[in-house]
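Structure first, then comments.
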Amino acid sequence: MKKTPYEPPKQSVAGQIFDAFLMLVLVFFTLYLPLLFKLAGGGTTTTEYPNPTWEALGQNAVMAAQWEKLGIAPEKAATIIGTRFDYALNWSALALTVVIIVGYFVFLFRYSDREYRDVIAERFGSDDAPRAR
């Protein structure tokens, strides 16, 4: 028995615009929420330089010249150079993230398996019914 070809539903222009803005808002909130809840970054560490000179800051002559082109003196550069971000890695959070992402893709592929089989059967003319899972 031959199946009728799949006809995808038509979406209006207004629906497409709404979907685009919805995706934009979701991406914005996804990126902003860690900042809002102060979950981004582990803070900073600061190294104090009592008498900042370019040599004490570890800057060679070329680097010092570039700082001076920017109008930054060694005293101001000391606060910039001395402030380091803490890049500590939380292994349990990383493992949880990996489990969630892998779990999502497993769910996605298992859930859409029947639809993939329907499309393959339609495109390549197989009359076999897709197997149910």
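Read-outs: derived from the displayed coordinates by stated rules, not from any lab. Note that the structure is predicted; figures quoted are calculated from it, not measured. Every residue, glycine as well, gets a Cβ built from its backbone with ideal geometry; the counts of neighbours run over all protein chains shown.
Between segment 97-111 and segment 31-56, how many Å separate their Cα centres?
Each part's Cα centre sits 35 Å from the other's.
Over the Cα atoms of the chain, each weighted equally, I'd like the Debye log10 I(q)/I(0) at q = 0.09, 0.23 Å⁻¹, rounded to two decimals.
Once normalised to I(0) and log-transformed, intensities are -0.65, -1.27.
Which one of W91, L24, M63 is farthest out on the positive end of the charge dipole of the chain, using unit charges on Cβ (Lys, Arg +1; Asp, Glu -1) and the Cα centre as origin?
L24
For the chain, list the DSSP H helices whose alpha carbon atoms reach 15 Å or more along the long axis and whose average Kyte-Doolittle value is 1.6 or above?
13-36, 91-111
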